Amino acid sequence: MSDPDAPTTTEVTVTVLPPGFREFAAHWGLVLGYGIVTLVLGIVLVAWPDATVTVFTVVIAIQLILAGIFRGISALAASGRDTGIRVLSGLIGAFSLVVGLLVLRDPLQSVLVLGMVLGVFWLVAGVVDILLAMLAPPPGGRTWELVTGGLTVLVGAFLIVFTEFSLRALVLFIAIWLIVGGVLAIIAALGLRSYRPAGR
């Protein structure tokens with residue numbers, strides 16, 4: 001028989017976070033904000049399918065600029081991660097920011113030019129996201145990162161290959177992608193929230 005006065009032991013499961021992931025989880029609200037803004041921009045385009053080229057490019061430019069800022073802040077915040085990973089993430093953030101500013105600078109570009117620019121950017125960004133997921137997966141697994149990166153690559157490749165888009169078709173296609181990307185970012189943010197440091 002066991003001694004009722006004997007001290008009991010409790011098993012505690014501790015999740016070991018990769019270097020820098022704790023800092024990244026602490027900024028889960030930033031990921032959530034990015035996801036909400038991206039989702040809203042996608043909904044705006046769905047609700048306004050007859051948007052002019054100017055309106056469409058301004059919306060896309062805003063999303064690219066926000067994505068660049070988000071990636072840059074994420075790279076700076078993850079101080080404990082490998083330097084190469086942070087540099088790669090920062091570079092794609094800078095690339096996003098530059099593309100967004102270039103698109104915003106000349107909003108009267110043709111649909112063909114817009115499709116090619118967005119296609120090249122998303123193709124490169126998707127490949128980088130997949131590399132980051134493989135090299136530095138979060139504790140919850142790399143599934144969401146791989147799914148997001150894979151979808152980004154497919155969307156980018158699709159825009160590069162199928163250049164004969166009408167403005168209406170391009171607006172609808174990009175709107176759907178923004179909605180999907182926004183939802184995935186929101187889901188990722190809620191996952192990060194469970195890993196945030198106490199008090200955040």
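Structural remarks
- FRET efficiency for residue 176 and residue 83, using Cβ-Cβ distance with R0 set to 45 Å, rounded to 0.05: 0.80
- Protection proxy ranking, peptides 126-134, 64-72, average beta carbon neighbours within 10 Å, highest first: 64-72, 126-134
- Scanning residues 5 or more positions from residue 142 or on other chains, none has an amide H under 5 Å from its amide H, with H placed 1.01 Å from N in the peptide plane.
- In sequence order, calculated HN-Hα J values of segment 36-48 (Karplus, 6.51, -1.76, 1.60; Hz; x Gly/Pro): 5, 4, 4, 4, 5, 4, x, 5, 4, 5, 5, 6, 10
- Computed lengthening from residue 102 to residue 40, 0.36 nm per intervening residue step minus Cα-Cα distance: 20.1 nm
The numbers here are math on the coordinates, done by the rules we state, and not lab data. All values derive from a computational prediction rather than experimental measurement. Positions of Cβ are backbone-derived with ideal geometry, glycine not excepted, and every protein chain shown enters the neighbour counts.
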